[in-house]
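The values are calculated or read from the model by the stated rules, or taken from the named source; none is laboratory data. For clarity, every value in this text was computed on a predicted model and none was experimentally measured. In this analysis, Cβ positions are derived from the backbone assuming ideal geometry, glycine residues included, and neighbour counts consider all displayed protein chains.
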Amino acid sequence: MFRFRTVVASFTIILRHCRINPARNDPTQGTPAMPVHLPAQNRRQFLFTLGAGFVTCSTGLLAAEQKTQQSDIVYLLNDTHIGEKHPPKSPIPTHLREIVTELVELPQKPACVLINGDLALRDGQPGDYRHFASLIQPLHQAKIDTHLTLGNHDERDVFYEVMQEQRPSAPPVKSRHISVVQTKFANFFLLDSLHQTMVTQGTLGKEQRSWLANALDAHADKPAIIVTHHNPRLGGDPVHFPGGLTDSEELWELLVSRPQVKAYIHGHIHDRGNAQHKGIHILNTPATSYVANPDHSTTGWTIAQLTPTGVTLTTRTNIEDHAWNRQTKTLTWR
């Protein structure tokens with residue numbers, strides 16, 4: 001049995017099947033509460049402590065559910081780049097459709113799916129998000145928890161207009177799509193690095209970094225994994241630093257001082273790689289849409305199998321016989 005505690009968003013929480021809807025704010029607190037996504041399958045018992053502003057969620061699985069969910073598995077996708085006018089059988093939507101189909105057909109579902117930014121093709125048009133929503137709809141129908149972040153090819157207001165269930169009534173940080181996702185062996189902190197649509201560089205900003213510091217302190221019970229679309233300008237290959245996160249140094253100072261922070265996951269580069277900076281793993285996961293040079297990279301997704309002390313990453317590729325397909329790498333937490 002798992003026991004999750006989070007600042008409650010309001011005295012009434014609307015709990016839907018799919019946990020892609022950030023929670024509301026607690027009007028009794030001086031600072032905004034953090035939205036925390038709860039598992040779709042486990043909303044059985046809730047104990048509200050309204051005076052303290054907390055909700056304790058008892059998320060014990062029923063026997064049947066234990067057989068149908070792998071609570072240590074998280075699927076990582078990014079850079080879907082879905083366009084309104086993409087023909088159904090063209091490569092970009094086909095790649096995402098193949099991944100969704102595999103997920104839906106799994107005998108045991110993952111704890112969740114994280115899709116890490118650049119959901120839309122170029123500049124976040126309404127039709128892009130309608131097409132994207134239709135492609136991931138089977139995940140909702142299969143009751144697979146799915147969480148989204150935004151990248152530099154997204155348009156936040158349009159995203160909220162089309163995918164209205166994603167819009168928080170009172171976001172903890174204005175104009176940022178952020179949340180905490182709790183799983184058995186780790187807490188995922190989903191950040192919003194979208195500074196301006198069609199501007200390559202990303203930024204978190206002081207307010208979001210302050211929120212993250214408070215969120216990390218409030219959820220120090222498990223390893224913390226940061227999920228952001230943009231790559232940091234440290235660790236990894238410096239050739240990618242100019243297009244990365246402009247406030248990387250400030251962010252890393254915040255992360256390094258909190259020992260529960262173990263890894264930083266990003267997309268944006270349309271490649272695969274891993275690095276480390278000051279003990280924190282930096283994981284660059286493959287894009288699902290396209291790559292700049294197919295001789296050096298390919299499209300795909302990543303399966304993360306978590307343990308209390310680390311993670312095993314398995315690369316899956318849309319090209320079945322690609323050298324990367326089913327390669328694994330095990331990392332140990334600091």
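Per-structure values
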| quantity | calculated |
| --- | --- |
| Flag if Phe188 is modelled with pLDDT of 95 or more, surrounded by 23 or more Cβ atoms within 10 Å (Cβ to Cβ) and assigned to a helix (DSSP H, G or I) | no |
| Qualifying positions in the stretch 282-314 - assigned to a loop (DSSP other than H, G, I, E, B), crowded, with 16+ Cβ neighbours inside 10 Å and of a type in the set (Gly, Ala, Ser) | Ala287, Ser289, Ser297 |
| Candidates Ser134, Ser169, filtered to the one that is among the hydroxyl-bearing types (Ser, Thr, Tyr), part of a loop (DSSP other than H, G, I, E, B) and either at pLDDT 95 or above or farther than 27 Å from Lys184 by Cα (or both) | Ser169 |
| Filter result for Ala304 (touching a residue at least 12 places away in the same chain (Cβ under 8 Å) and either small (Gly, Ala, Ser) or in contact with an Asp or Glu (Cβ under 8 Å, 6 or more places away or on another chain) (or both)) | yes |
| Hits in the stretch 315-334 - residues which are among the charged types (D, E, K, R), in a strand (DSSP E or B) and over 26 Å from Lys278 (Cβ atoms) | Arg316 |
| Qualifying residue in the stretch 254-263 (condition: surrounded by 19 or more Cβ atoms within 10 Å (Cβ to Cβ), part of a helix (DSSP H, G or I) and at pLDDT 95 or above) | yes |
| Selection from the stretch 115-144 of residues that are within 14 Å of the chain's Cα centre (by Cα) and farther than 23 Å from Gln196 by Cβ | Ile144 |
| Filter result for Ala213 (surrounded by fewer than 18 Cβ atoms within 10 Å (Cβ to Cβ), assigned to a loop (DSSP other than H, G, I, E, B) and within 19 Å of the chain's Cα centre (by Cα)) | no |
| Residue within the stretch 236-243 that is buried (at least 18 other Cβ atoms within 10 Å of the Cβ), at pLDDT 95 or above and either in a loop (DSSP other than H, G, I, E, B) or hydrophobic (A, V, I, L, M, F, W, C) (or both) present | no |
| Answer residue from the stretch 317-330, given it is in contact (Cβ under 8 Å) with a residue 24 or more places away in the chain and under 20 Å from Val113 (Cα atoms) and is surrounded by the fewest Cβ atoms within 10 Å (Cβ to Cβ) among those | Lys329 |
